[in-house]
Amino acid sequence: MQNSPLLGRVAWNTLIVLLYVFLLAPIIVVFIISFDTRQYLAFPPESFSLGSYAKVFANAKFISAFGRSLIIGAIVGVVAVSAGMMLSLALVRYRFRGKGAVNFLILAPFLVPHIVLAVGIMLVMAPLGLLDSYPGIILAHLGITIPYTVRTITMSLMAVDTRVEEAALVHGASPLMVFWRITLPLVRPGLIAGTVIAFLISFDEATISLFIVSVKASTLPTEIYHYLEYSTDPQIAALSVILIFISIGVVIAVERLIGLRKAL
C-alpha cells in the first residue's frame, strides 16, 4: 500500500512524457529530415549536411516572400491591436444597443472554418479589385486577427481596477490623459500579447492567403504551397525548422519582457 502513491506518480509522469513525445514527434522528424542530403523527403535520412539550409537562404522567392510576410504581419499586428483596444474599451466600459451583436460578430471567425471565410472574403474583395494586393491581404488578415486581440485586451481591461481611473478623473485629469497615462500602461501585457498573436497568425496564415494573393503580394506560406506543388525536398523541412525557431524566439522574447502568464 505504501508503494501506491509512488507507482501513481511514476505512471502519471510516464503518461506526461509519452504525451510530449507524441506532440513533439512531427517537429523532431522534420528537424532530422532537414539535414538529409537526398532530393526528396524520407525518414530516416541517408546522410547529413547543412545543404538544405544553404539552399533556403539562396532561394530568392523564399527570401522575398519572407520579407513581405514580415511587413504584412507587422502592419496587421499594429492595426489589429489598435482596433482591438477600441473595441475592447467599448465592450467592457460602455453599454449600447447592439452590444450582443458586436460580441457575436467578434466571435464569428472562431466559429467559421477558414476555408469558408476565405471564400467569403474573396467574393467581397474581387469586385473591389483588392485581390492579389497588399491592402487586400492586410484587410483579410485583420478579419481573422482582430477577434484574438479583442479577447486578449478584454481580459486585461477586466482585470484593471476602475477606481484608479476614477481617482485620476476626480483629481482633474482629462479622459485622454487617464487613457494614456493609466489605462494603457495597465493593459500593456494584453497589448503586447495581442500584437504578437496577431503577427504570428498573419505570418502563418495560408488558407485565406491562397484565395487572396497569387504573385504580386505572395506571402511565405503561399510560396511554400506553390513550391510543394512541384518539389518535395529537404529544403522545405529546413525552412520549417527556421520558422519554428523564429516562433520560439518570439515566445521567449515575450516571456522575458512581460512573462507569458501575465500576457495571456
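Where does each of Thr195, Thr219 land when they are ranked from fewest to most other beta-carbon atoms within 10 angstrom?
The fewest-first ordering by Cβ neighbours comes to Thr195, Thr219.
Run through the stretch 95-147 and list the chymotrypsin sites (Phe, Trp or Tyr not before Pro) located in a DSSP loop whose Cβ has at most 16 other Cβ atoms within 10 Å.
Phe96
Take Ser34, Ser133 and order them by how many other Cβ atoms sit within 10 Å, fewest up front.
By the 10 Å Cβ count, ascending, the order reads Ser133, Ser34.
Quick check: Cα centre of the stretch 147-172 to Cα centre of the stretch 4-82, how many Å?
The stretch 147-172 and the stretch 4-82 have Cα centres separated by 38 Å.
Quick one: His226, His141, fewest Cβ neighbours within 10 Å first, how do they rank?
By the 10 Å Cβ count, ascending, the order reads His226, His141.
Mind giving me the FRET efficiency for Asn59 and Leu107? R0 is 41 Å, r the Cβ-Cβ distance, nearest 0.05 is fine.
Approximately 0.55, to the nearest 0.05.
Taking all pairs of distinct Cα atoms, average 1/r, flip it, and tell me the Kirkwood hydrodynamic radius of the stretch 53-263 in Å to one decimal place.
Kirkwood radius, the stretch 53-263: 18.9 Å.
Can you give the three extents of the C-alpha atoms in the stretch 24-167 along their principal axes, from longest to shortest, in whole Å?
Between the extreme Cα coordinates on each principal axis of the stretch 24-167 lie 66, 43, 26 Å.
Scan the chain and note any complete DSSP helix (H) whose C-alpha atoms cover at least 20 Å along its axis and whose Kyte-Doolittle average is 0.0 or more.
Membrane-span-like by this criterion, though nothing is claimed about a membrane: 4-33, 60-93, 134-158, 188-204, 234-257.
Write down the Å³ per residue value for the convex hull defined by the alpha carbon atoms of the stretch 180-262.
Output value, Cα hull per residue: 118 Å³.
Report, ordered by chain and residue number, the aspartates and glutamates lying within cross-link reach of Lys55, taken as a straight Cα distance under 14 Å and ignoring same-chain residues fewer than 8 apart.
Qualifying aspartates and glutamates at Cα under 14 Å: Asp36, Asp233.
Quick note: the coordinates plus some simple rules give every number you see, no bench work behind them. Since the model is a prediction, treat every value here as computed from it, not as a measurement. All Cβ positions, even for glycine, are placed from backbone atoms using ideal geometry, and neighbour counts span all protein chains on display.
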